[in-house]
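The values are calculated or read from the model by the stated rules, or taken from the named source; none is laboratory data. A quick note: this is a predicted structure, and the numbers were derived from the prediction, not measured. Virtual Cβ from ideal backbone geometry, glycine too; neighbours counted across all protein chains shown. Remember, those area values only see protein heavy atoms, side chains included, never the ligands or the DNA or RNA. Shrake-Rupley method; radii C 1.70, N 1.55, O 1.52, S 1.80 Å.
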Amino acid sequence: MKKEYDKYEDVKYWKNLINTLKAIPVTNSQRTAMEEAITAVGKNIPIEPVREDWEPNRCPTCLGNLGGENLGDGYYENPFFERCPRCGQKLKY
């Protein structure tokens, strides 16, 4: 019987790999390249937007406004973006 795909197991795998890579002794240029790669992988792990009462949704990575429209009564109509338009972080709702 084929095991059902579990995206959360994938997330655990990448987080463990990232922590392992951070512990490897490397030169400054190699460290910079690894940090950029780690950031790129991290932005592909879906994270919930920051939601607060009476405020538009914000990106959890860059805290950028996700473009909620003020409805005039204190509520915001928040659009659902697959990724943050500012930094590219993958979002989940």
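At a 1.4 Å probe radius, carbon and sulfur cover how many percent of the accessible area of the chain?
Working: 3800 of 7230 Å².
With neighbouring chains kept in place, the figure for the chain is 53 percent.
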**Study point:** Charge tally in the Cβ shell below 12 Å around residue 86, where Lys, Arg are +1 and Asp, Glu are -1, residue 86 excluded
**Key:** +3
Check your understanding: Under the Karplus relation 6.51 cos²θ - 1.76 cosθ + 1.60, θ = phi - 60°, what is the ordered set of whole-Hz ³J(HN,Hα) values for the stretch 59-68, x standing for Gly and Pro?
Key -> 5, x, 8, 9, 6, x, 5, 8, x, x
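Given the rule -39500 (n - 2.57) for each run of at least 4 DSSP H residues, summed and divided by the residues of the chain, what is its mean residue ellipticity at 222 nm, to the nearest 500 deg cm²/dmol?
Working: 2 runs with 31 residues, N = 93.
Calculated at 222 nm, the ellipticity per residue is -11000 deg cm²/dmol.
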Practice item. Enter the accessible area of residue 45 (Å², nearest 10), with the probe set to 1.4 Å and all protein chains included. Key: 30
Exercise for review: Would you mind checking the radius of gyration and Dmax of the chain based on alpha-carbon positions, in Å?
Suggested key: 17.3, 55
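Would you mind working out the accessible area per residue for the stretch 43-93, using a 1.4 Å probe, and quoting it in Å²?
Working: 3410 Å² over 51 residues.
I get 67 Å² per residue for the stretch 43-93.
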Practice item. Classify the stretch 40-80 as rounded, prolate or oblate, taking a ≥ b ≥ c as the square roots of the eigenvalues of its Cα gyration tensor: rounded when a/c is under 1.5, otherwise prolate if a/b is larger than b/c and oblate if not. Key: prolate
